[in-house]
Amino acid sequence: DYDIDASTLFERKLQHRSQARRRWDVIKRWYVCLLVGMATGTLAFALDTAGDHLKMAIYRLSASVLRTAHERAGSVSAWWSAFSVYTAISVTLVGFSAALCWWAP
């Protein structure tokens, strides 16, 4: 493993740079950190929001199946219909996630 801070070559190269150049390098590094942080926060927000919307969509679909099945058949079969829809969607999403993890390098 190469540690750039403990390198004598790096320190000699750093001493030959002007103060303005060193300051500019530090600013560029902080700018990259800022961009990485903003991208991470934006992605986290998007994933959290998408998860909430997906959860509500599954709930609405299950509630719709529950209402429709209750009107047609009765309470026990309606509950099982809604439960099976909810479970099928959840298992499909878990399978999709597992496939993404398996496929990722």
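The values are calculated or read from the model by the stated rules, or taken from the named source; none is laboratory data. None of these values were measured; they are calculated from a predicted model. FYI the Cβ positions are ideal-geometry reconstructions off the backbone, even for glycines, and counts take in every protein chain you see. We work out accessible area using only protein heavy atoms, side chains counted, and drop any ligands, DNA or RNA first. Shrake-Rupley method; radii C 1.70, N 1.55, O 1.52, S 1.80 Å.
For a quick check of your reading of the model, give me the residue pairs whose first member lies in region 46-60 and is under 18 Å from V94 (Cβ atoms), whose second is in a helix (DSSP H, G or I) and of a type in the set (A, V, I, L, M), with beta-carbon atoms closer than 6 Å and at least 6 apart or on different chains.
I58/I89
Can you find even one residue in region 61-73 that is modelled with pLDDT of 90 or more and open to solvent by 60 Å² or more (accessible area, probe 1.4 Å)?
yes
State yes or no: is R21 surrounded by 10 or more Cβ atoms within 10 Å (Cβ to Cβ), part of a helix (DSSP H, G or I) and modelled with pLDDT under 90?
yes
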